[in-house]
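Just so it is clear, none of the values below were taken in a lab; they were calculated from the coordinates. Source: prediction; values computed, not measured.
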Amino acid sequence: MKIIIPLSDGGFGTDAERSRLSDSGDEVASHIAEAGGGEFDGDEFGEGICTFYLYGPDADDLYASVENFVKATDLCKGATIYKRYGEADDEAAKEVEFQV
């Protein structure tokens, strides 16, 4: 699963955004760990977005573990969620995309 978060500029965002999103990544990791349904594999900044990478055996359970946090966090407003149903290397895996 990926969470694509728009930044305030076309580059890497502001120092404050990067700091808050890094802290948010720690919180996402905590929610996933509490649910026991996967892992947070880090973030990536560039081209006006921050991408959070999450992995687990069930995309729906994985999203459920972070849904309340994502919806309540102002930095995630306008984020796009990609839930993938299958292995990372499966090019035919179903993927569902929606915005928060």
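Go ahead and set up a Gaussian network model of the chain, Cα springs under 10 Å, then flag whichever of Glu27, Glu47, Glu39 fluctuates most. Sorting by GNM fluctuation, first place goes to Glu47.
If you wrap the tightest convex hull around every Cα atom of segment 2-99 and split its volume per residue, you get 90 Å³.
Rounded to the nearest 500 deg cm²/dmol, what is the calculated helix-only ellipticity per residue at 222 nm for the chain, with -39500 (n - 2.57) per DSSP H run of length n ≥ 4?
Calculated mean residue ellipticity at 222 nm is -12000 deg cm²/dmol.
Of the residues Phe52, Phe12, Phe40, the one that moves most in a GNM of the chain with alpha-carbon contacts below 10 Å is Phe12.
With 0.36 nm allotted per residue and the present C-alpha distance subtracted, the Glu39-Phe12 stretch has 7.3 nm of extension available.
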